[in-house]
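**Student:** Structure below; questions to follow.
The values are calculated or read from the model by the stated rules, or taken from the named source; none is laboratory data. All values reported here derive from a predicted model rather than from experimental measurement. Cβ placement follows ideal geometry from the backbone for every residue including glycine, while neighbour counts extend to all protein chains displayed.
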Amino acid sequence: MIGRLNHVAIVVPDLAAAAAVYRDTLGAAVSQPVDLPDHGVTTVFVALPNTKIELLHPFGPKSPIAKFLAEHPGGGMHHVCYEVDDILAARDRLKAAGARVLGDGEPRIGAHGKPVLFLHPKDFCGTLVEIEQV
Ligand code: CO
């Protein structure tokens with residue numbers, strides 16, 4: 001059901017420092033920081049040949065990643081995002097299999113303008129999973 005790895009999201013305490021690590025140490029192409037107020041994050045996109053890394057930092061007082069950063073002050077991997085062809089079919093299949101879909105279970109528009117859902121980490125090997133319809 002899942003397709004390509006769309007991105008891996010990493011929460012960081014200092015976006016400029018993290019962007020420098022990926023640009024200068026790892027030699028990757030990194031974007032300028034992009035504020036996504038609707039999502040409560042500022043993102044630096046790292047383009048790799050086969051996928052993307054998203055460096056995330058809280059934006060605004062109600063950021064959904066503020067708690068994560070408080071618990072992991074040095075930063076850490078936040079979620080992986082897998083592509084699906086049909087997000088409603090994927091959701092229904094996952095729910096039928098007993099997986100917990102976060103929120104109200106309805107897809108919302110994610111950081112790339114496409115419908116996304118998040119799945120409970122306890123059902124996926126301790127990893128928060130995002131699925132995105134591409
Ligand atoms: Co994501």
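**Student:** Quick test for you: out of ALA90, ALA111, pick the one residue that is small (Gly, Ala, Ser) and not in a loop (DSSP other than H, G, I, E, B).
**Tutor:** Residue meeting the stated conditions: ALA90.
**Student:** Across the stretch 49-59, which residue is farthest from the chain's Cα centre (by Cα) among those that are surrounded by 14 or more Cβ atoms within 10 Å (Cβ to Cβ) and either part of a loop (DSSP other than H, G, I, E, B) or away from the ligand (no atom under 11 Å from the Cβ) (or both)?
**Tutor:** Per the criteria, the residue is PHE59.
**Student:** Something else now. Determine whether the stretch 62-76 contains at least one residue that is modelled with pLDDT of 95 or more, under 17 Å from ALA9 (Cβ atoms), within 17 Å of the chain's Cα centre (by Cα) and part of a strand (DSSP E or B).
**Tutor:** Taking every residue of the stretch 62-76 in turn, at least one turns out to be modelled with pLDDT of 95 or more, under 17 Å from ALA9 (Cβ atoms), within 17 Å of the chain's Cα centre (by Cα) and part of a strand (DSSP E or B).
**Student:** Still on this model: Condition first: surrounded by 15 or more Cβ atoms within 10 Å (Cβ to Cβ) and either in contact (Cβ under 8 Å) with a residue 24 or more places away in the chain or within 14 Å of the ligand (Cβ to nearest atom) (or both). Now tell me which residues in the stretch 3-29 satisfy that.
**Tutor:** Answer for the stretch 3-29, where residues must be surrounded by 15 or more Cβ atoms within 10 Å (Cβ to Cβ) and either in contact (Cβ under 8 Å) with a residue 24 or more places away in the chain or within 14 Å of the ligand (Cβ to nearest atom) (or both): ASN6, HIS7, VAL8, ALA9, ILE10, VAL11, VAL12, LEU15, ALA18, ALA19, TYR22, ALA28.
**Student:** Right, here's the next one. Of the conditions (1) more than 19 Å from ARG4 (Cα to Cα); (2) surrounded by 15 or more Cβ atoms within 10 Å (Cβ to Cβ); (3) of a type in the set (Lys, Arg), ARG108 fails just one. Which one is it?
**Tutor:** The one condition ARG108 does not meet is (2).
**Student:** I'm checking my understanding of the structure. Among residues of the stretch 83-134 that are of a type in the set (Gly, Ala, Ser) and within 13 Å of the ligand (Cβ to nearest atom), which one is farthest from the chain's Cα centre (by Cα)? Walk me through how you get there before you give the answer.
**Tutor:** Restricting attention to the stretch 83-134, the residues satisfying the condition of being of a type in the set (Gly, Ala, Ser) are 89-90, 96-99, 103, 105, 110-111, 113, 126.
From what's left, within 13 Å of the ligand (Cβ to nearest atom): 110-111, 113.
Working: GLY110: 9, ALA111: 8, GLY113: 13 Å.
Within the stretch 83-134, the match that is farthest from the chain's Cα centre (by Cα) is GLY113.
**Student:** Now a separate question. Could you list, in sequence order, all residues of the stretch 30-46 that are within 15 Å of the ligand (Cβ to nearest atom) and in contact with a strand residue (DSSP E or B) (Cβ under 7 Å, 6 or more places away or on another chain)?
**Tutor:** SER31, VAL34, LEU36, GLY40, VAL41, THR42, THR43, VAL44, PHE45, VAL46
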